[in-house]
Amino acid sequence: MEEKKYNKSLRVKISLFYGLLASMNLILFSVLIYDQQMSLLMNNFSMTSKEVVQTLLGEVQEISVSDQKDETYQQLQKSLKSYQVSRYRIFNEDGKVLHMEPAGQDESISDDLMRKTLEISGDTALFKRKYHFELDSENFNSIVLVQLNSRMKENIFLDLSLSLNQIQQTLNELYRTLGFGIFAGIVLHILFGFYVYRLIFVRVSLLKKTSGEMAKGNLDARIAWKMKQHDELDDLGNTFNSMAEKIEEQFNTVTRLNHEIQNELEIGKEVQSIFLPEPDFLKEYNPAILYIPMREVSGDIYTFFSYKNGDKGIFFADATGHGVSAALVTTISLMSLDSVLKEEKSTKVGAIINRLNFILSSKLEASFFACGVLFHFGEDHSITFVNAGLNSPLLVTGEDQIFELPQTGPPLGMLDDYKYSVKKAALKSKDKLVIYSDGVTEASNPEDEMYGLERMNQILLDNRYESCEKIKNLIHSDLQEFTGGVYRDDVSLIVLEIP
């Protein structure tokens, strides 16, 4: 991972590109300078060689030599040394070497060299030359063939190699100059690269580091370099600091508001808990209650109450949405129910729920409504109920059966003139009545699988003779294990046992 980040670094990319560009630049200029200087050097070598050879020939042609190392030979040898002749051979027209320096050279005269002697001595030659001259550009030598004055009856020739040390010295100086130029170019490019690094990438790195600190939550982080360049990066640094100050200011404001909202939600939670009844109100039914708001306040609500004739009743509601809006809907539902119970003389659940629906329809907007169920427990252990869009409550009998108490109309507050139908069910002692919100059956695990009604029904059947509290605890434990304790909706469950 680190290598991948390194390869994508802008600093690395620019460094590699700049290094390649600098290398190409140095190579190009070195080649151009070398070619130009070598051309001038070769021209100079050619002209100098010709001048030296002509001067040398002017001296040696005045000297007559023979096959003896006499004074004339000594004079010739002295002249050749004065002109830095590196080697020479004196041979006759038969190709026999008479004298040579240094000793140990090849004494055989090539056919090509003999042919050249004819060009400078033969009477039949079409174009007769005074001497034969060649340049050895690799070694900076001048190879000269000239006919000498002879005290013998045969022609004598001098084959020599003239070395121009000043040309070689000039070439060495050129190499040193190019080497120094390349070294100076490398140093200057390194210094320029370091300058660019200091000017740009140091500040970019600081900007990246400061951004990272802010991303980790350190809102006090600021750009700290000295804004002396007054360039685009300084402008960016000032803009970043200004932005950071505004972010910190907004964050502090949001944090303060969240703290205030949290306090208000805590108050709302306490207020909502006031509306929840004490289980002892229905102690003969051994109520067990599971109530887990997804947030501080819940969209699920329930209440236990008495009708005017003294019969017991339960109202359970689940508002659309979550949080404050849902909690307000359920609170309005409870307050409206309390008002209806005080005004309504009839104990019929149908009349009560119709009146409650009308009130909620007039108070709530179209997008807000509540699913609810209203129970009336009769003295004969029967129950009368109206189910306004809520999940069907469950009736668990001793015959290993589970009956669903169906919906009898739409959610409350949806249709203001709707007349709800009423259902009645006969109960037996030890039967269990289970009322729950969709937060139970629609709870999901990390794989987005729903808890489902069948899973809860199995627990109810397997433990139908257990206490309400144990059944509630078993469902809660299974739900916790299934979801990992993470709920996406309010969870409410009431388990009652018919006395």
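The values are calculated or read from the model by the stated rules, or taken from the named source; none is laboratory data. Computed from a predicted structure; not experimentally measured. With ideal geometry, Cβ positions are generated from the backbone for all residues, glycine too; neighbour counts draw on all protein chains shown.
Some points to look at:
- Among residues of the range 267-300, those that are of a type in the set (A, V, I, L, M), free of Cβ contacts under 8 Å to residues at least 40 places away in the same chain and not in a helix (DSSP H, G or I), counted: 2
- Note on the range 20-49: residues that are modelled with pLDDT of 75 or more, of a type in the set (A, V, I, L, M) and closer than 16 Å to residue 175 by Cβ total 6.
- Filtered by the rule that a residue be modelled with pLDDT of 80 or more, outside any loop (DSSP other than H, G, I, E, B) and of a type in the set (A, V, I, L, M, F, W, C), the range 99-143 gives 100, 113, 114, 118, 120, 143.
- Residue 308 being among the basic types (Lys, Arg), over 18 Å from residue 489 (Cα atoms) and touching a residue at least 12 places away in the same chain (Cβ under 8 Å): yes
- Residue check, residue 417 out of contact with any strand residue (DSSP E or B) (no Cβ under 7 Å at 6 or more places or on another chain) and buried (at least 20 other Cβ atoms within 10 Å of the Cβ): no
- Screening the candidates 420, 436, 465 for the property of being of a type in the set (Phe, Trp, Tyr) and within 51 Å of the chain's Cα centre (by Cα) yields one hit, 436.
- Qualifying residue in the range 381-394 (condition: surrounded by fewer than 19 Cβ atoms within 10 Å (Cβ to Cβ) and over 30 Å from residue 428 (Cβ atoms)): no
- Residue under evaluation residue 249, criteria (1) more than 30 Å from residue 116 (Cα to Cα); (2) touching a helix residue (DSSP H, G or I) at 6+ places or on another chain (Cβ under 8 Å), criterion not met: (2)
- In the range 447-464, the residues that are in contact (Cβ under 8 Å) with a residue 24 or more places away in the chain and assigned to a loop (DSSP other than H, G, I, E, B) form Cβ pairs under 6 Å with partners that are of a type in the set (A, V, I, L, M) and surrounded by 17 or more Cβ atoms within 10 Å (Cβ to Cβ), at six or more places apart or across chains, as follows: 451/443; 464/396.
- Against the test of being more than 25 Å from residue 423 (Cβ to Cβ), outside any helix (DSSP H, G or I) and not polar (S, T, N, Q), the options 315, 368, 304 yield a single qualifying residue, 368.
- Hits in the range 180-195 - residues which are farther than 13 Å from residue 23 by Cβ and of a type in the set (Gly, Ala, Ser): 181, 184
- Pairing residues of the range 82-101 that are polar (S, T, N, Q) with residues that are outside any strand (DSSP E or B) and modelled with pLDDT under 90, at Cβ distances under 6 Å and at least 6 apart in sequence or on separate chains, gives 92/154.
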